[in-house]
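**Q** My questions will all concern the structure given below.
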Amino acid sequence: MWDPGPRALFLLLSKNWFDIYRKVPKDLTQPTYTGAIISVCCCLFILFLFLSELTGFIATEIVNELYVDDPDKDSGGKIEVTLNISLPNLNCELVGLDIQDEMGRHEVGHIDNSMRIPLNNGDGCRFEGHFSINKVPGNFHVSTHSASAQPQNPDMTHIIHKLSFGDKLQVQNIHGAFNALEGADKLSSNPLASHDYILKIVPTVYEDMSGKQRYSYQYTVANKEYVAYSHTGRIIPAIWFRYDLSPITVKYTERRQPLYRFITSICAIIGGTFTVAGILDSCIFTASEAWKKIQLGKMQ
């Protein structure tokens, strides 16, 4: 009689006790057409879900959060502004930009990093300016205040092409009010009226996958139009942009699904699909076998 040694006995017992994936001999299995159809459908379904999960894993998602802070502390308390506005009925020699704020800044006729482009054969003007403002409430306005001689009837009808703050964010998945006044058309308004645009500026941070941050600003806007008078007569009209900063910062962060979550999803897809398909196949097979027995009983 064969007497297995301790090592062989241990291997035999470990195989019998620890193998949870026990195999069924092939001669005890029975292939069916229904099982083949279910298997093909199961594989196609798994492939579809796998490709969907793979697409989601490769793509980046953008997560946003809110907090109270000044995100761009290295800016020196400044915000870069880009303004592009057309005044089709006001000569370029009369157009100027004035800046005021609560820190005592009062600058009339700001000309640094600005251009005045004649329109309508010199009768109109397109003003393009790049300047900075302090992070305190204030205003900047387009007017004729800096002109050497004031016109009798200045026409402040205008179109705003662009007004933005901070860096430009070219991200498709972010739909914010970074240029809320784009396309504002006041050509049909009273030529002698002043225009007030009241802006609430919201600091915005965008952090990409590499950790690089860009600082921009969204803003909401309300506006009013009026003709102003004082005891000396009508006040020279202007286009005012009055701004205040929100203490709330919006942060957008690019993220990608972690690898372990992707692997977990794939395992759940494969295991769940095969389990459900197996149950379905077993039910169909059991029902067909029962039907065959009923038919055989009828034939007898």
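**Q** Can you send over the carbon and sulfur percentage of the accessible area for the stretch 187-253, probe radius 1.4 Å, protein chains only?
**A** 55 percent
**Q** With Kirkwood's inverse mean 1/r over C-alpha pairs for Rh, give me the Rg to Rh ratio of the stretch 78-141, two decimals please.
**A** For the stretch 78-141, the value is 1.03.
**Q** Find the relative contact order for the chain and round it to a whole percent, using C-alpha pairs within less than 8 Å whose residues are 6+ positions apart.
**A** 21 percent
**Q** Tell me what the chain gives for mean residue ellipticity at 222 nm when only DSSP H runs of n ≥ 4 count, each as -39,500 (n - 2.57), the sum divided by the residue total, rounded to 500 deg cm²/dmol.
**A** Taking each H run of at least 4 residues, the total per residue is -9500 deg cm²/dmol.
**Q** Please give the contour-minus-distance gain from D123 to I235: 0.36 nm per residue of separation, less the Cα-Cα distance, rounded to one decimal in nm.
**A** Gain in length upon complete extension: 38.1 nm.
**Q** Between E65 and Q150, how many nm apart are label points set 7 Å from Cα along the C-beta direction?
**A** 5.3 nm
**Q** Just to be sure I understand: with springs between alpha-carbon atoms less than 10 Å apart, which residue in G272, G77, G183 has the highest mean-square fluctuation in the Gaussian network model of the chain?
**A** Answer for the Gaussian network model of the chain: G272.
**Q** Please compute the length gained on full extension between K200 and T286, using 0.36 nm multiplied by the number of residues separating them and subtracting their Cα-Cα distance.
**A** Gain on extension, K200 to T286, equals 24.0 nm.
**Q** Past the 19 Å Cα-Cα mark, which pairs from K186/K224; K73/K162; K200/K251; K73/K251?
**A** Going by Cα-Cα distance, K73/K162 fall outside the 19 Å limit.
**Q** Something else now. Per residue of the stretch 125-134, what does 6.51 cos²θ - 1.76 cosθ + 1.60 with θ = phi - 60° give for ³J(HN,Hα)? Whole Hz please, x for Gly and Pro, Karplus curve as stated.
**A** 8, 10, 9, 10, x, 10, 8, 10, 10, 7
**Q** Continuing with the same structure: Mind ranking R116, R126 by accessible surface for me, highest first, 1.4 Å probe?
**A** R116, R126
**Q** Using a 7 Å offset from the Cα along the Cα-to-Cβ direction at both V221 and S39, what is the distance between the two label points in nm, to one decimal?
**A** Here the modelled spin labels are 6.6 nm apart.
**Q** Kindly write out, for the stretch 235-240 in residue order, the coupling ³J(HN,Hα) from the Karplus curve 6.51 cos²θ - 1.76 cosθ + 1.60 (θ = phi - 60°), rounded to whole Hz, with x marking Gly and Pro.
**A** Couplings: 7, 4, x, 7, 10, 9 Hz.
**Q** Using modelled backbone amide H atoms (1.01 Å from N, in-plane), which distant-in-sequence or interchain residues come within less than 5 Å of L119's amide H?
**A** Here G124, C125, R126 satisfy the definition.
**Q** Something else: Under a straight-distance cross-link criterion of Cα-Cα below 17 Å, which aspartates and glutamates are reachable from K168, leaving out those fewer than 8 residues away in the same chain?
**A** Leaving aside aspartates and glutamates fewer than 8 places away in the same chain, those within reach of K168 are D72, E80, E128, E182, E207, D208, E254.
**Q** To continue, here is another question. Hey, can you list the DSSP H helices of the chain whose Cα span along the axis is 20 Å or longer and whose average Kyte-Doolittle score is at least 0.0?
**A** 33-58, 259-299
**Q** Peptides 103-113, 199-209, 218-228: what's the order by average Cβ count within 10 Å, highest mean first?
**A** Answer by packing, highest mean first, reads 199-209, 218-228, 103-113.
The values are calculated or read from the model by the stated rules, or taken from the named source; none is laboratory data. As the structure is a prediction and not an experimental result, all values here were calculated from the model. Neighbour counts are summed over all protein chains in view; Cβ atoms, including those assigned to glycine, are modelled from backbone coordinates with ideal geometry. Heavy atoms of the whole protein, side chains included, go into the accessibility calculation; ligands, DNA and RNA do not. Shrake-Rupley method; radii C 1.70, N 1.55, O 1.52, S 1.80 Å.
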